[in-house]
1. Could I have the simple spin-label model distance between ASP316 and LYS295, label points 7 Å from Cα toward Cβ, reported in nm to one decimal?
2. Using a Förster distance of 25 angstrom, determine the FRET efficiency expected from the C-beta separation of LEU239 and ALA200, and round it to 0.05.
3. Which of the peptides 184-191, 300-307 is most tightly packed, and how do the rest follow, judged by the mean count of other Cβ atoms within 10 Å per residue?
4. Can you flag which of LYS204/LYS234; LYS264/LYS313; LYS255/LYS337 are past 19 Å Cα-Cα?
5. How big is the Cα convex hull of the range 314-414 in projection, averaged over all directions, in nm²?
6. Once the cut-off is 22 Å, how many percent of the Cα-Cα pairs in the range 276-353 end up in the long-distance tail?
7. Would you mind calculating the relative contact order of the range 276-353 from Cα pairs under 8 angstrom and at least 6 residues apart, reporting the percent as a whole number?
8. Measuring from label point to label point, each 7 Å out along Cα→Cβ, what is the ALA331 to GLN158 span in nm?
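Nothing in this text is a laboratory measurement; each read-out follows from the coordinates by a stated rule. Just so it is clear, the model here is predicted, and its values are computed rather than measured. Reconstructed Cβ throughout: ideal geometry from the backbone, glycine too, with neighbour counts over all protein chains shown.
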Amino acid sequence: MSDSKKPGGSRDISDLKARLGLKKGAAAPTTGQTRSNGASGGVVAPPGMNLPAPPGVQPPQPAAPAIPDAAHDPFGAMNAMAAVGTVQRAPEIVIVHDGKPVENVGSQSKGATIAKIAIPAVVGIALGIAIGKIGATNGAYNTGLSDVKQILGDKNTQSSVAHLKQQISALDSKLDEWKTRNNFRVDGAMDKELEQLVKALDVKTEVFKAKTNTLDPDTTAKLVQFYGGVAEVKAMIDLHLKSAKSDEQAFRRAKEKADAGTVKEGENAYLNTQFRYAMVMSAPTEGEPADFGAKLVELGPPYCAGKIAPSGKCADGEAPSSFTYRSEPGATWNEGKLATSGSEAVPTKQIVMLLPGGVRDSLVKGAEGVASEAYYQRRLRTIYERVHGVGDKGNGLLNEGNKLETLLQTEAGKSKKFSFLM
């Protein structure tokens, strides 16, 4: 059956032609013949003119064309959809070719984003590290400054540099006094004063323990040198006092012998406090054989007016004519003149006094007593040289303490630096 013979076929084709504007006699609507819905009501605009809507009146919006059902009128639906699509133009996309491959666009954008985030972060971290280092350096400087003040202390701060320097100065003054007075000879009173002075040289390490690491190396070296010197002097004095106590008996026996070897006033007032022993020259003469040499003799009472004076002195206004001596204990006294001059020859049977000396003293005191006293003097002299220095070189512990105290006072007078930990 042909389409013309189908029921409703002619009508459908005619309808389609009319809608598509293909049917003869159908007139297309004119563009300019639009009716205005203004306030004048139903005024038709002349052909070719579009009158604007009066003020305050919204111009009518053209109604969207009805889209037929595609199931019944597929061509009409297509035409309507095409007409609707021309109402709003889709946005244009402008493509610019920069000469780079498409795959680099994403990576470049990602790298730029990372750079924008990372660069400020790195700058901030570097700035923070720099500020932190400055703060840490200044904090260490301020800690060192506080440590310097604590180590320096004052004269009343136990174990501080100022306190120890004062004690060393007092010790130096005492040693210098004893050296001038008796050349460091045995003196019990002097040992008692030393016992008091050495107590003040106790070093408490808490004053500078774990603090020298904040000081500069030069100051630290001088500080360690000074404290080491104080400890050394203290040990030397302790050793001397212990040795002096152990030698006390030897000193006492030697002193007793020395007293016994000294002439007393009641024995011979003219040789009082002189050494009891002397020398007498011996030589053979005509008619009197004798050995040539010198004899060690013991001195006795003087001769007054040709007689021995048992009291040890002559009558008032009378001088002794000679002195007595003997070469054997308990023997009778012999008369002899006291030799007072003679540069080349000494006559026989004249008394020659012995000059002071260690060997002479050991004849009376004994070797033990003499050696103990010699060691005593040597120990004190060594302590004096360590504290005061040798000669005028200024290399003693007292000079080291003065330099260190001046250095620490200069450092302690400096101002603190800014730090977050101030």
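1. Reported label-point gap for ASP316 and LYS295 is 3.8 nm.
2. The computed FRET efficiency comes out at 0.90.
3. Packing order, densest peptide first, comes out as 300-307, 184-191.
4. Among LYS204/LYS234; LYS264/LYS313; LYS255/LYS337, the Cα-Cα distance tops 19 Å for LYS255/LYS337.
5. Mean shadow area of the hull around the Cα atoms is 14.5 nm².
6. 27
7. Reported relative contact order: 30 percent.
8. With each label placed 7 Å out from Cα toward Cβ, I get 6.7 nm.
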